[in-house]
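Here's the structure, in structure tokens; my notes come after.
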Amino acid sequence: MAAKREHFGGRSAAILALAGSAIGLGNIWRFPYMVGQTGGAAFIIIYLLSCLLLSLPIFLAEAIIGHRTHAGTFGAMEQLAPGTKWKWLGLLTVLSPLVILSYYSVVGGWSVCYLWQSLTAGFHLGEIGAVSSAFGGFISKPGAPLLCHTLFLLGCAVIVSAGVKSGIEKFNKVTMPLLFVLIVVIMVYSISLPGASAGVEYLLRPDFSKITPSAVAAAMGQSFFSLSLGVGTILTYASYIRKDENILFTGLGTVGFDLLFALMAGFAIMPAVFAAGIEPGAGPGLIFETLPYIFAKMGASAPWVSAGVAVLFFLTIVFAAFTSAISMYEVGVAYLVEQKGFSRPKAVILIFVGCWILGALCSLSFGPLAGMKIFGLTIFSFCDTLTSNFLMTFGGLLFVIFVGWKMDKAVVRDEFTAGGASRFNCAVFDAFWFLLRYAAPLAIVIIFLTNFFA
Ligand code: PFF
């Protein structure tokens, strides 16, 4: 318990790390296909409002707990509510990011495989159905996906074992600016393709008839996932932020970057989808089926350009997935080091073993273990549904109830306003307090029920 805690170097380092956690597969893979399925710009507007009015207050609630206590999830709850049942929230939010990490590493591994394929063999033209079945064939075989899952998780372990400052902070400082450069290059290229303007228009023209209650719940759920809420990663990273830092500005910076990146990913993908004459509502297969088809199609006339864009694209996905995965990894490491007295390397190894095993089961559930069902779902789908639909929202709900209803208002105000030093924060505190106590819990219950009955 007594080990000296590390800190991020400053505000930009903290924002880059938090944005690194937030920006991931959710921005590149989930956001564009949800826009595609749910009415283009109308969805984007709802999403923007969800980020600012719902997810930002929840983000701040988690950050306030971590920043106040300078402890990981379990230690933080023990400090603020000693000897109470709130410690179970601390424990739950150690376990849920590790479950997410296990299957996230499988998808991260697929991206590593596709990056390798873009660098070596490239993608070859067939019917789009043939590309889909190639993807289906790839994930159902045990060998390559397991190897890539192992490599991906190993990469995370190496970064996390180097520590908060020399590992996580350094990696994010290099990768995050690079990610933005990569996505801008792909976006410019995509928009310049013949026929791409229909994709741009699709993203910008709102179709309000598509805004149904389930679209609103989907937008709120997506902002939740995208900002890594409810699973203790924001809390843990905020615990590494220096005492005098302004948490609201850090939160606004993180939400801003996350939003910007999701929008740029939309503009990088949709124009290319339209230029290739493909239906925009392709769904989850967008990245591993639709895009390889587009690269293959481009490759028929301009092989080098197509290969280059494919490499840049999968590199972006791999980096974005890495920066998110290490934030989940760190939650477990912080717990084992601070609460169980493990050395960092030992904690890293233990988590590697646990997540590797669960991830391997998830990976095999697309092939040899496909018949093994939990509540009618494959192991992968079960872990995904359990965490993204239930544990994240449940954890988020408990965090906002804890900060809004259990913590002393004076303490929350002190954290929110940087000890009263920020006039801007003082001016918006009441709005934050209202959103936190009433709007956020209500919205989370709506998302929860929608997920439950959907
Ligand atoms: N925010 C990440 C993404 O958009 O891909 C996903 C994520 C990261 C979820 C970290 C949960 C988490 F703890």
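Among the residues here, Ser388 qualifies as surrounded by 19 or more Cβ atoms within 10 Å (Cβ to Cβ), within 16 Å of the ligand (Cβ to nearest atom) and either part of a loop (DSSP other than H, G, I, E, B) or not basic (Lys, Arg) (or both).
Counting only helices (runs of 4 or more DSSP H) that fall entirely inside the stretch 224-328 and contain at least 1 residues that are surrounded by 19 or more Cβ atoms within 10 Å (Cβ to Cβ) and within 12 Å of the ligand (Cβ to nearest atom), the qualifying elements are 233-238, 247-275. Cβ-Cβ contacts under 8 Å between residues 6 or more apart (or on different chains), taken from a first residue in the stretch 350-377 that is within 18 Å of Val94 (Cβ to Cβ) to a second residue that is in a helix (DSSP H, G or I) and among the aromatic types (Phe, Trp, Tyr), are listed as Ile351/Tyr329; Cys355/Tyr329; Leu358/Tyr103; Gly359/Tyr103.
Check the stretch 269-283 and report whether any residue there is touching a helix residue (DSSP H, G or I) at 6+ places or on another chain (Cβ under 6 Å) and acidic (Asp, Glu). For the stretch 269-283, residues touching a helix residue (DSSP H, G or I) at 6+ places or on another chain (Cβ under 6 Å) and acidic (Asp, Glu): absent.
Scanning the stretch 405-418 for residues that are exposed (fewer than 12 other Cβ atoms within 10 Å of the Cβ) and outside any helix (DSSP H, G or I) yields one hit, Asp408.
Of the residues examined, Leu25 is one that is among the aliphatic types (A, V, I, L, M), within 16 Å of the ligand (Cβ to nearest atom) and surrounded by fewer than 22 Cβ atoms within 10 Å (Cβ to Cβ).
For (1) touching a strand residue (DSSP E or B) at 6+ places or on another chain (Cβ under 8 Å); (2) outside any loop (DSSP other than H, G, I, E, B); (3) more than 16 Å from the ligand (Cβ to nearest atom); (4) of a type outside the set (Val, Ile, Thr), each residue gets a yes or a no:
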| residue | (1), (2), (3), (4) |
| --- | --- |
| Gly9 | no, no, yes, yes |
| Ile15 | no, yes, no, no |
| Phe31 | no, yes, no, yes |
| Leu56 | no, yes, no, yes |
| Leu60 | no, yes, yes, yes |
| Arg68 | no, yes, yes, yes |
| Ala71 | no, no, yes, yes |
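Considering only residues that are among the aromatic types (Phe, Trp, Tyr), more than 11 Å from the ligand (Cβ to nearest atom) and touching a residue at least 24 places away in the same chain (Cβ under 8 Å), which ones fall in the stretch 329-343? Once the filter is applied, which keeps residues that are among the aromatic types (Phe, Trp, Tyr), more than 11 Å from the ligand (Cβ to nearest atom) and touching a residue at least 24 places away in the same chain (Cβ under 8 Å), the stretch 329-343 yields only Tyr335.
Inside the stretch 80-123, can you point out the residues that are without any contact (Cβ under 8 Å) to a residue 40 or more places away in the chain, within 16 Å of the ligand (Cβ to nearest atom) and of a type in the set (Phe, Trp, Tyr)? Selection gives nothing. Helices (runs of 4 or more DSSP H) fully within the stretch 140-205 that include at least 1 residues being of a type in the set (Asp, Glu), closer than 30 Å to Ala42 by Cβ and free of Cβ contacts under 8 Å to residues at least 40 places away in the same chain: 197-204.
Only the coordinates and a few stated rules stand behind these numbers; no lab work does. Because the structure is a prediction, the values reported are computed rather than measured. A quick note on method: Cβ atoms are made from the backbone with ideal geometry, for glycine too, and the neighbour counts reach across all protein chains shown.
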